[in-house]
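Please read the structure below before turning to the comments.
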Amino acid sequence: MTTTGPAEAPPPEPGQKHFDATIARDQRIEPRDWMPDGYRATLIRQIAQHAHSEIIGMQPEGEWITRAPSLRRKAVLLAKVQDEAGHGLYLYSAAETLGADRADLTERLIEGRQKYSSIFNYPTPTFADVGVIGWFVDGAAICNQVPLCRSSYGPYARAMVRVCKEESFHQRQGYELLMTMMRGTEAQRRMVQDAVDRWWWPSLMMFGPPDDASPNSARSMSWKIKRHSNDELRRRFVDMTVPQAAALGVTLPDPELRWNEERGHHDFGTPDWDELARVIKGDGPCNTERIRRRRAAHEEGAWVREAATAHAAKQAARDQEGAAA
Ligand code: FAQ
């Protein structure tokens, strides 16, 4: 008689040991290394969302390129918006090293099956918004992305190095623009304060839900994709921004904001998490418009993609003929 013992655990994936050791030693996982399916899927999700954010993020400021008040401001803004396009391209390329297909990611974005940052669903009614986006949104992006330069996935971490250098320029151009406006007329100062009031809370929401409501954080941190929690980065951003607001001469719209001597950090109020959930779900002030424009740009660009594909095919055929001759 044969007895069946307890089911044996499947043998560990041969690559798992190498993967675990690489993460434990703080070294990088590269595209050809074995990686758990969940690690790959998490990276594709985060990198795609990040790439989409850079591309959709061109819209709120892009609206001001034709209306910038001087040639200098126009040149600076044009350069910044072009940088965002570049960031999107580095990030889509990083996602491709994981086996994702860029055309498929774009489809998912315009069909609402993949997310992009909530922050880009708010309007930019005045030129001060351009400055505040640079100061707050790029400032938040720096807080979030500098640690990503040490992310465990090599292509993502390396892309972040250049992205962060460019985000520093973006943040400084925004702050400098606001400094100039604050030295201007009373109406300009009011315009800056109004933009600060509208962007402060959405900027804090950029860091994601609070830690106890962030389903992905624990795993992403154990894999060293993320190095810090959402709340930790949000606190850093507040600590960094408060003295900058004082130097600029604006008030941050939070009555609970104050220095906590004991903790050595600022205390601050709670963002409206229901608002974040609504905006992520597609119900923010500009979601429909952002996706409509992204879809139109994609459709209008179809001939460019077709021409590039035809050119590449012609080139490949020529190379083949050359090799056969
Ligand atoms: N908006 O479990 P968690 C920029 C989603 S680039 C929309 O905490 P995770 C440059 C999240 O995906 C700005 N969705 O998720 C620029 C997840 O969804 P899922 C973009 C959000 O991934 C400046 C769910 O909620 N930066 O600004 C948001 O661990 C100026 C649960 O959340 C990046 O993408 C949100 N705010 O942490 C461009 C940085 N927050 O798929 C132009 C890289 C969360 O599970 C002009 N990404 N969600 O259903 C990250 O660091 C992370 O993905 C977080 C979220 C921190 C955003």
Restricting things to alpha carbons, tell me how big the range 114-192 is in terms of Rg and Dmax, in Å.
15.1, 49
Sorted from fewest to most neighbouring beta carbons within 10 Å, what does the list 226, 115 look like?
115, 226
Determine the dipole magnitude for the chain: charges of +1 sit on the beta-carbon of Lys and Arg, -1 on that of Asp and Glu, nothing else is charged, the reference point is the Cα centre, and the result goes in debye to the nearest 20.
740
Grab the Cα-Cα distance for residue 37 and residue 104, subtract it from 0.36 nm times how many residues apart they are, and report the gain in nm with one decimal.
22.2 nm
Based on the mean of other Cβ atoms within 10 Å per residue, sort peptides 126-134, 196-204, 312-320 so the most packed one is first.
126-134, 196-204, 312-320
Taking 51 Å as R0, compute the FRET efficiency from the Cβ-Cβ separation of residue 324 and residue 289 and round it to 0.05.
0.45
For the chain the mean separation of alpha carbon contacts under 8 Å (6+ apart) over residue count, i.e. relative contact order in percent, is 17
Please give the peptides 136-142, 186-192 ranked by average Cβ packing (other Cβ atoms within 10 Å per residue), highest first, as a rough proxy for protection.
136-142, 186-192
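At 0.36 nm per residue, and after removing the present C-alpha to C-alpha distance, how many nm does the segment from residue 74 to residue 265 gain when stretched out fully?
On the way: separation 191, 0.36 × 191 = 68.76 nm, distance 3.75 nm.
Full extension from residue 74 to residue 265 adds 65.0 nm.
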Would you mind giving the three semi-axes, in whole Å and largest first, of the ellipsoid equivalent to the chain according to its Cα gyration tensor?
38, 30, 18
Cα-based Rg and Dmax for the range 233-306, in Å, come out at 19.6, 61
How do 291, 225 rank when sorted from fewest to most other Cβ atoms within 10 Å of their own Cβ?
291, 225
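Just so you know, all these numbers are worked out from the coordinates, no wet-lab data involved. Note that the structure is a prediction, hence the values are computed from the model and not measured. Ideal geometry is used to build each Cβ from the backbone, glycine not excepted, and the neighbour counts take in all protein chains shown.
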